[in-house]
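Q: Structure incoming, see below.
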Amino acid sequence: SFIGEESVAAGAGSILTDDPTWIIDPIDGTTNFVHRFPFVAVSIGFVVNKKIEFGIVYSCVEDKMYTARKGKGAFCNGQKLQVSGQEDITKSLLVTELGSNRDPEAIKIILSNMERLLSIPIHG
């Protein structure tokens, strides 16, 4: 099976089943792309039994290929990636994305979540 983000965004339905399924977003960061903000990627995932097996993200502008496979780790251009050892959230950088849903109820939830996140004493 195939699930394409662009077709789902256009209103096409999709149902994730146990069948092997490719999930593809050919322009991950569509809003960035439309506004010529250079952070866009091609994202591809492969799912079996509703569980991710591997994923690939190609960051076009940076020319970086991120790959990950269940139980095998994550890589950037073939080099193994590691998470930081930082366990103290007050010494961390928080990154978030607000999404594109402007439904009033969704905005309430997003702002409530942001308020909780911003009350944590983080670096930024």
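The values are calculated or read from the model by the stated rules, or taken from the named source; none is laboratory data. What you are looking at is a predicted structure, and each value in this text was computed from that prediction instead of being measured. Ideal geometry is used to build each Cβ from the backbone, glycine not excepted, and the neighbour counts take in all protein chains shown. When the accessible area is computed, the model is the full protein with side chains, heavy atoms only, and any ligands, DNA or RNA have been set aside. Shrake-Rupley method; radii C 1.70, N 1.55, O 1.52, S 1.80 Å.
Q: Please give the calculated 222 nm ellipticity per residue for the chain, where each DSSP H segment of at least 4 residues contributes -39500 (n - 2.57) and the sum is spread over every residue; nearest 500 deg cm²/dmol? Intermediate values should be presented prior to the final figure.
A: Working: 3 runs with 25 residues, N = 124.
Estimated from H runs of four or more residues: -5500 deg cm²/dmol.
Q: Amide H neighbours of Ser92 under 5 Å, at least 5 residues apart or on other chains, H built in the peptide plane: list them.
A: Excluding prolines and chain starts, which carry no amide H, the hits are His123.
Q: How long are the three semi-axes of the equivalent ellipsoid for the chain, computed from the Cα gyration tensor as the root of 5 times each eigenvalue, in whole Å, largest first?
A: On the way: eigenvalues 137, 102, 57 Å².
They are 26, 23, 17 Å, listed from largest to smallest.
Q: For the range 36-43, what does the Karplus curve 6.51 cos²θ - 1.76 cosθ + 1.60, with θ = phi - 60°, yield as ³J(HN,Hα) per residue in whole Hz, taken in order and with x for Gly and Pro?
A: For the range 36-43, the Karplus curve yields 6, 7, x, 9, 9, 8, 9, 10 Hz.
Q: Name the lysines eligible as straight-distance cross-link partners of Lys51: C-alpha to C-alpha under 28 Å, and not fewer than 8 places from it in the same chain.
A: Qualifying lysines at Cα under 28 Å: Lys64, Lys70, Lys72, Lys80.
Q: So, one more: At most 14 other Cβ atoms within 10 Å and a DSSP loop assignment: could you name the chymotrypsin sites (Phe, Trp or Tyr not before Pro) in the range 34-86 that fit?
A: Phe39
Q: With θ set to phi - 60°, apply the Karplus curve 6.51 cos²θ - 1.76 cosθ + 1.60 along the range 81-97 and write out the HN-Hα couplings as whole Hz, x wherever there is a Gly or Pro.
A: For the range 81-97, the Karplus-derived couplings read 9, 10, 6, 6, x, 5, 10, 9, 4, 5, 10, 10, 9, 9, 10, 9, 9 Hz, x marking Gly and Pro.
Q: For the range 5-91, which trypsin sites (Lys or Arg not before Pro) are in a loop by DSSP, counting at most 15 other Cβ atoms within 10 Å? Present the calculation step by step, with values, prior to reporting the outcome.
A: Numbers: sites: Arg36, Lys50, Lys51, Lys64, Arg69, Lys70, Lys72, Lys80, Lys91; in loops: Arg36, Lys50, Lys70, Lys72.
Those that pass, being in a loop and sparsely packed, are Arg36, Lys50, Lys70, Lys72.
Q: Can you work out ³J(HN,Hα) from phi for every residue in the range 16-21, in order, using Karplus 6.51 cos²θ - 1.76 cosθ + 1.60 and θ = phi - 60°, giving whole Hz and x for Gly and Pro?
A: 7, 10, 7, 5, x, 9
Q: I'd like to check one number: the per residue accessible area of the chain, probe 1.4 Å, reported in Å² as a whole number. All intermediate terms of the calculation are to be shown ahead of the outcome.
A: Working: 9510 Å² over 124 residues.
Per-residue value: 77 Å².
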